[in-house]
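Trainee: Take a look at this one; I'll ask things after.
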Amino acid sequence: MTTNAIRIYEYGGPEVLTWEEDEIPPPGDGEALVRHTAIGLNFIDVYHRSGLYPMDLPTGLGREAAAVVEAVGPGVTDVAVGDRVVYTGGRLGAYAEQRLVQASALVPLPDGIDDDLAAAVFLKGLTAWYLLHRSYPVRPGDPILLYAAAGGVGSIASQWAKQLGATVIGIVSTPDKADIAAQQGCDHILMSDDSDMPGMVRELTAGHGVAAVYDSVGKDTFMASLDCLRPHGTMVTFGNSSGAVEPFAPAELAKRGSLYVTRPILEHFIATREELLGAATELFDFIKSGTPNVRIGQRYALKDAAQAHRDLEARKTTGSTILLP
């Protein structure tokens, strides 16, 4: 069976994405053949494409998609032909019309969550879940600082944090994104080009600082983010949109009030199928509660993935972005 897919043969800009035919064998033990209906675009795809997160080349791209199961291999009991499913993680290659995946990674989609929404929210929503419930568990009344508050993860995390009772300070890059962040419940909004972020944060927190910073930017903001924390606060660095964080002396944490730093990744929180299904259930329950407004800001044809990458890196996107086969 043949399908169309995006592959890369070298690291670089969006121009290295190629659209080509790919041959798919029948599903093997524990595998399922899925037909994608919507594919999630995430900033980690840029890291893979650029080589910031190195991979063996050539490779596909993409970590999440909604799909329909078309065939299953021997020993598969987790899903059946015709099931609507969503997945994230595993071998890269979601930028494809069809592909083989491990059936144990597939999560059945509940009624009330359509395929576009599932592809737009699953990886970003699970990221928000582990940030707010595991990396630094938010408590009612906690002031927190959230970068890219109008982006894919930030849009979900800001609303979920509000439901948990936090005071959310959102950072955005444009006035339009500030409006979006306000609509999503951010209590205070700061612009990413503000020259004294720590000073502004302390002004908003009566001089104390925030309980946690959720920083997806990386190198350019790391030290300033530490300066925004209250004593014993937690720095959650979970992305590198400006580059990887440079080495620093642990004494920097001591002199700022015995701070904590964590660099989490999703896979460590959903390592078993039981953990995956539990996390997905919490996410789906949050979505079905009616609390979040999950905004799909952009839709692109899968073959136009290069343009989607250009717009994402240029900060022209808001909310979630999906690719349609």
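Rule-based calculations on the coordinates, nothing more; no lab input. Since the model is a prediction, treat every value here as computed from it, not as a measurement. Cβ atoms come from the backbone with ideal geometry, glycine included; neighbour counts cover every protein chain shown.
Trainee: Give Lys219/Lys316; Lys177/Lys288; Lys177/Lys255; Lys124/Lys162; Lys162/Lys219 a once-over and call out the pairs whose C-alpha atoms are over 23 Å from each other.
Mentor: Lys177/Lys288; Lys177/Lys255; Lys162/Lys219
Trainee: Where both residues lie in the chain, what percent of DSSP beta bridges are antiparallel, nearest 5?
Mentor: So the antiparallel bridges in the chain amount to around 55 percent.
Trainee: With θ set to phi - 60° and the Karplus curve 6.51 cos²θ - 1.76 cosθ + 1.60, what are the ³J(HN,Hα) couplings of the stretch 194-199 in order, to the nearest whole Hz, using x for Gly and Pro?
Mentor: Along the stretch 194-199, the couplings run 4, 6, 10, 4, x, x Hz.
Trainee: Under 8 Å for C-alpha pairs, at least 6 residues apart: give me the relative contact order for the chain, rounded to a whole percent.
Mentor: 17
Trainee: I'd like the per residue volume of the convex hull spanned by the Cα atoms of the chain, given in cubic angstrom.
Mentor: 125
Trainee: Can you compute 3J(HN,Hα) from phi for each residue in the stretch 46-52, using the Karplus curve 6.51 cos²θ - 1.76 cosθ + 1.60 with θ = phi - 60°, rounded to whole Hz and x for Gly and Pro?
Mentor: 5, 4, 5, 5, 7, x, 4
Trainee: What does the charge count around Ala178 come to, taking other residues whose C-beta lies under 15 Å from its C-beta (Lys +1, Arg +1, Asp -1, Glu -1)?
Mentor: Value of the local net charge: -2.
Trainee: According to the Cα gyration tensor, what semi-axes, each the square root of 5 times an eigenvalue, does the equivalent ellipsoid of the stretch 140-263 have, listed from largest to smallest in whole Å?
Mentor: Each semi-axis is √(5λ); the values are 21, 16, 13 Å.
Trainee: In percent, what relative contact order does the stretch 30-107 have, based on Cα pairs under 8 Å that are 6 or more apart in sequence?
Mentor: After rounding, I find 42 percent.
Trainee: If you don't mind, another one. Hey, what did the stretch 140-263 get for relative contact order, percent, Cα under 8 Å, at least 6 apart?
Mentor: It comes to 21 percent, rounded to a whole number.
Trainee: Now for a different question. How far apart, in nanometres, would the label points at Thr174 and Ser195 be if each is projected 7 angstrom from Cα along the Cα-to-Cβ direction?
Mentor: Modelled inter-label distance: 2.5 nm.
Trainee: In addition: Could you list His268, His133, His48, His36 in order of exposure, starting from the residue whose Cβ has the fewest other Cβ atoms within 10 Å?
Mentor: In increasing order of surrounding Cβ atoms, one gets His268, His133, His48, His36.
Trainee: Still on this model: Of Asp215, Asp78, Asp29, how do they rank once you tally other Cβ atoms within 10 Å and put the fewest first?
Mentor: Asp29, Asp78, Asp215
Trainee: Still on this model: Among Ile144, Trp19, Val294, which residue has its Cα furthest toward the positive end of the charge dipole of the chain, with +1 on Lys/Arg Cβ and -1 on Asp/Glu Cβ?
Mentor: Sorting the options by dipole projection puts first Ile144.
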